[in-house]
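Written below as structure tokens is the structure these notes are about.
The values are calculated or read from the model by the stated rules, or taken from the named source; none is laboratory data. Please read these numbers as outputs of a predicted model, since none were measured by experiment. No Cβ is skipped: glycine too gets one built from the backbone with ideal geometry, and neighbour counts run over all protein chains shown. What goes into the accessible areas is simple: the full protein's heavy atoms, side chains included, and nothing from ligands, DNA or RNA. Shrake-Rupley method; radii C 1.70, N 1.55, O 1.52, S 1.80 Å.
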Amino acid sequence: MKKYNQNYSAITILIVLALLTFFSCKRDIDDLKPATFPTTAEVFIDGFSEGLAYAAFGGSKVTAFDVDTDVKYQGTASMVFAVPDAGDPAGAYAGGAYYTTVGRDLTGYDALTFWAKASKSATLDIVGFGNDLEESKYQVTLQNVALNTNWKKYIIPIPDPSKLTQERGMFFYSEGPENGLGYTFWIDEMKFEKLGTLAHPRPAIMEGQDQVVSAETGQQLPVTGLIETFNLPTGVDQTIGVAPAYFTFSSSETSIATVSSSGIVSVIDAGSSVITAKLGDLDAAGSLTIQSAGQAVGPQSPAPTPTVSPDSVISLFSNAYNNVPVDTWNTRWQFSTAEDFDLQIVGDDVKRYRDLNFVGIEFSSQTINATAMTHFHIDIWTPDPTDPPAAFKVLLVDFGANGTFDGGDDSSHELSFTRPLLQTGQWVSIDVPLANFTGLVNRAHLAQLVLSGDLPNVYIDNVYFYNGGNVVSTGPTTAAPNPTRNPADVISIFSDAYTNVAGTDFNPDWGQATVVSQPSIQGNKVLLYSGLNYQGTQFASNLNVTTMTHLHLDYWTSNSSGLNVFLISPGPTETPVALNVPTNGWASIDIPLSSFSPVDLADLIQFKFDGSGDIYLDNIYFYKTGGGGGNTPTTAAPTPTFSAANVISIFSDAYTNVAGTNLNPGWGQATLVTEQMIAGNNTLVYTGLNYQGIELGSSQNVSGMTHLHLDFWTANSTELKVFIISPGPVETPYNLTVPTSGWSSIDIPLSEFAPVDLTDVFQFKFEGNGKIYLDNILFHN
């Protein structure tokens with residue numbers, strides 16, 4: 001088996017300079033002509049040609065090349081090469097380049113020729129010209145050159161001689177031991193020639209194939225398989241590898257993809273473009289069709305921060321912990337199409353896999369002893385459809401005590417995950433007991449993690465093993481807001497403020513993994529779902545809530561990446577409503593019962609929650625408006641139509657909002673803040689407003705925006721102001737006209753908020769009175 005290095009740019013220089021003969025003569029200034037490059041054809045004819053030097057490649061045996069005066073094709077000397085045996089400490093292979101310090105004009109030739117023989121039948125790996133140890137712009141290669149013990153002439157065609165006006169790379173070679181053994185070969189009479197007998201040149205890209213690849217905006221792809229085939233004077237076809245600079249590349253749709261002179265395709269936008277090429281006047285066979293999906297779709301906010309104590313974690317990848325060594329996050333096993341990328345989401349390191357069919361993640365050099373761990377955790381995000389039967393699979397492999405793959409004591413097990421755990425477009429936490437990997441009989445020498453399934457685009461974070469006995473669950477420190485609705489207008493399921501429906505089972509056995517408990521927070525009992533996958537609530541008798549208008553609930557979670565609430569009537573007929581998670585403190589939501597259609601509100605039998613993380617719940621009740629709740633809009637705020645590229649959104653279902661924004665910071669206000677669903681649209685509600693702040697997840701530079709937009713609705717306010725705030729604090733109010741007749745939409749020029757620093761906006765504030773409904777709070781231009 002051959003083992004050699006073909007990295008021609010990293011070199012160990014062994015300079016062998018030929019004797020230089022300098023000629024000088026006196027001439028009149030009028031006789032001077034523009035400088036030209038020599039047209040010297042000889043490379044080695046009984047010795048080095050003028051200006052020729054030799055450099056051995058890095059890792060090669062630097063003494064492999066010599067001049068032999070005993071063995072030659074003709075004349076007095078030849079080049080001799082001693083290929084080392086495998087394991088030779090002086091170098092793993094023979095290889096180097098012959099170059100000139102001054103370029104040569106080779107435009108009058110069409111081939112490099114030489115005579116060669118070997119001490120035995122062998123196959124010379126690579127020879128060629130154009131390697132000048134720098135750019136090597138016009139390099140040409142000939143591979144797998146068959147040698148035997150007889151002298152034979154070899155020809156390396158020049159693809160386009162007109163390019164070689166000042167070429168410095170005269171010849172290079174690389175050859176390793178064959179079947180572990182070295183040998184000797186000779187080369188003689190090396191020169192450039194004008195043969196005139198090279199026929200039928202046939203250039204090609206992509207090795208002459210018409211290939212189609214999927215891509216995305218911003219991706220760069222090389223045009224590969226650059227070759228040209230000639231018919232030699234012997235009648236035999238010979239194919240050479242050709243550098244990109246010989247070709248002229250073109251793109252059929254430059255608005256979709258462009259291609260550089262070096263054959264690098266840059267994907268610009270969504271669509272299709274065909275890359276083709278010419279070599280001189282000849283069309284190259286083959287093409288590369290780019291099918292671009294456009295901009296890659298990825299998460300806009302980071303995965304939930306883990307809450308497990310570092311003392312109980314063995315982490316492979318997470319910013320929250322110190323990670324153990326991982327040999328590779330992509331083993332690139334045969335048939336794997338996965339590409340991996342490292343990127344950041346709001347400062348958090350994330351790994352991305354594209355074209356994932358399966359990918360190996362290996363840590364075999366330092367295996368993991370997870371015998372003291374109880375769980376495996378990974379956060380994933382995918383833009384791909386997750387409807388059944390789509391699955392995401394996790395395989396763990398233990399190499400056993402001998403630490404060797406397939407060493408006789410390996411064990412492994414694969415788990416498959418589907419909806420409702422899997423979700424499209426949101427972070428999902430897969431948190432699974434190691435005991436569920438039933439085939440993984442040993443965990444003391446874990447060496448591989450394999451991800452696979454039906455999701456070709458996956459982002460991952462927080463990959464770790466942990467001991468579940470030391471999970472630190474950070475829960476709320478204050479009780480949920482105390483409800484103020486008239487008990488006569490309420491049917492309560494779970495609340496200390498009302499009389500609850502009797503006999504409700506809060507933990508029916510539906511095969512769920514969720515752990516249900518009822519801790520107290522500031523003397524107020526709450527319902528806690530730990531490690532939620534799904535959880536039901538069974539009523540003792542069917543409920544008729546047709547006289548009610550809304551479902552209210554308060555919820556708190558710091559680590560959920562998905563949460564849905566369902567109402568269920570016989571059939572079963574069930575309809576989910578998605579809740580925004582994670583929360584910043586307690587979130588209060590009022591969901592119109594019409595959102596659960598076609599559930600039979602006259603015959604409710606159950607609740608259900610599904611999702612992930614640890615969920616605290618309180619004040620789960622049905623109510624009807626008109627009993628002290630105040631007037632409420634019955635239609636959603638108008639949907640804004642600004643281009644997303646021209647928007648920085650704070651609160652809107654129509655856009656991606658600034659991550660981490662706290663809608664209810666504790667500024668000592670009396671205002672009650674809730675989020676209410678109105679016609680299926682999240683709406684921010686201030687009840688009993690005196691003042692209320694909003695703290696942005698990060699300071700925003702809105703100097704490129706022109707207006708602040710917001711929609712507001714109030715039936716009873718007599719004063720309402722909005723403030724934008726920059727550090728100092730510097731804040732400026734703008735008066736809004738209240739009360740409103742329906743939804744009022746306003747676009748306020750940002751100049752109205754001077755002298756606020758628009759490059760560093762970090763807070764909002766509202767002041768006034770009454771009950772205020774807000775939506776679509778955003779900057780735009």
Check on THR224, open to solvent by 50 Å² or more (accessible area, probe 1.4 Å), closer than 30 Å to ILE155 by Cβ and in a strand (DSSP E or B): no
Can you pull out every residue in the stretch 643-658 that is touching a strand residue (DSSP E or B) at 6+ places or on another chain (Cβ under 7 Å) and without any contact (Cβ under 8 Å) to a residue 12 or more places away in the chain? ASN657
Can you find a residue that is more than 30 Å from ILE256 (Cα to Cα) and in contact (Cβ under 8 Å) with a residue 40 or more places away in the chain anywhere in the stretch 207-227? no
Regarding ASP327, is this residue touching a residue at least 60 places away in the same chain (Cβ under 8 Å), charged (D, E, K, R) and more than 30 Å from THR141 (Cβ to Cβ)? no
Does LEU551 qualify as being closer than 24 Å to SER597 by Cβ, open to solvent by less than 50 Å² (accessible area, probe 1.4 Å) and of a type in the set (A, V, I, L, M)? yes
If you scan the stretch 441-453, which residues turn out to be open to solvent by 10 Å² or more (accessible area, probe 1.4 Å) and either of a type in the set (A, V, I, L, M, F, W, C) or at pLDDT below 95 (or both)? VAL441, ASN442, ARG443, ALA444, HIS445, VAL450
Against the definition (among the charged types (D, E, K, R) and modelled with pLDDT of 95 or more), how does ASP110 come out, yes or no? yes
Tally up the residues in the stretch 420-439 that are outside any strand (DSSP E or B) and exposed (fewer than 15 other Cβ atoms within 10 Å of the Cβ), please. 5
When restricted to ILE589, ILE620, ILE605, the only residue open to solvent by less than 40 Å² (accessible area, probe 1.4 Å), in a strand (DSSP E or B), in contact (Cβ under 8 Å) with a residue 40 or more places away in the chain and farther than 25 Å from ALA540 by Cβ is ILE589
Out of THR229, THR234, sole residue that is of a type in the set (Val, Ile, Thr), more than 30 Å from ASP355 (Cβ to Cβ) and assigned to a strand (DSSP E or B): THR229
In this structure, is GLY95 open to solvent by less than 10 Å² (accessible area, probe 1.4 Å) and either of a type outside the set (Gly, Ala, Ser) or assigned by TED's automatic domain parsing to the domain that holds VAL145 (or both)? yes
I need the full set of residues from the stretch 242-266 which are assigned to a strand (DSSP E or B) and open to solvent by 20 Å² or more (accessible area, probe 1.4 Å), in order please. THR248, PHE249, SER250, SER251, THR258, VAL259, ILE264, SER266
Does GLN518 satisfy the criteria of being open to solvent by less than 70 Å² (accessible area, probe 1.4 Å) and assigned by TED's automatic domain parsing to the domain that holds ASN619? no
Residues of the stretch 267-288 being open to solvent by 30 Å² or more (accessible area, probe 1.4 Å) and touching a helix residue (DSSP H, G or I) at 6+ places or on another chain (Cβ under 7 Å), in sequence order, are ALA285
Taking SER558 and the conditions (1) in contact with a strand residue (DSSP E or B) (Cβ under 9 Å, 6 or more places away or on another chain); (2) within 22 Å of THR661 (Cα to Cα), which numbered condition does it fall short on, given that it satisfies the others? (1)
When restricted to THR123, THR165, THR141, the only residue under 23 Å from SER262 (Cβ atoms), open to solvent by 10 Å² or more (accessible area, probe 1.4 Å) and either assigned to a strand (DSSP E or B) or free of Cβ contacts under 8 Å to residues at least 24 places away in the same chain (or both) is THR141
In the stretch 289-325, what count of residues is obtained for those that are within 26 Å of GLU362 (Cα to Cα), open to solvent by 30 Å² or more (accessible area, probe 1.4 Å) and within 16 Å of the chain's Cα centre (by Cα)? 1
Is it the case that SER717 is at pLDDT below 95 and open to solvent by 30 Å² or more (accessible area, probe 1.4 Å)? no
Somewhere in the stretch 486-508, is a residue outside any loop (DSSP other than H, G, I, E, B), polar (S, T, N, Q) and either open to solvent by 70 Å² or more (accessible area, probe 1.4 Å) or outside the structural domain of GLU574 (by TED's automatic domain parsing) (or both)? no
Could you check, for the stretch 129-137, whether at least one of its residues is among the aliphatic types (A, V, I, L, M), touching a residue at least 40 places away in the same chain (Cβ under 8 Å), surrounded by 23 or more Cβ atoms within 10 Å (Cβ to Cβ) and under 21 Å from PHE48 (Cβ atoms)? no
Residue hits (the stretch 333-347; assigned to a loop (DSSP other than H, G, I, E, B), surrounded by fewer than 16 Cβ atoms within 10 Å (Cβ to Cβ) and in contact (Cβ under 8 Å) with a residue 12 or more places away in the chain) are TRP333, PHE335, THR337, VAL346, GLY347
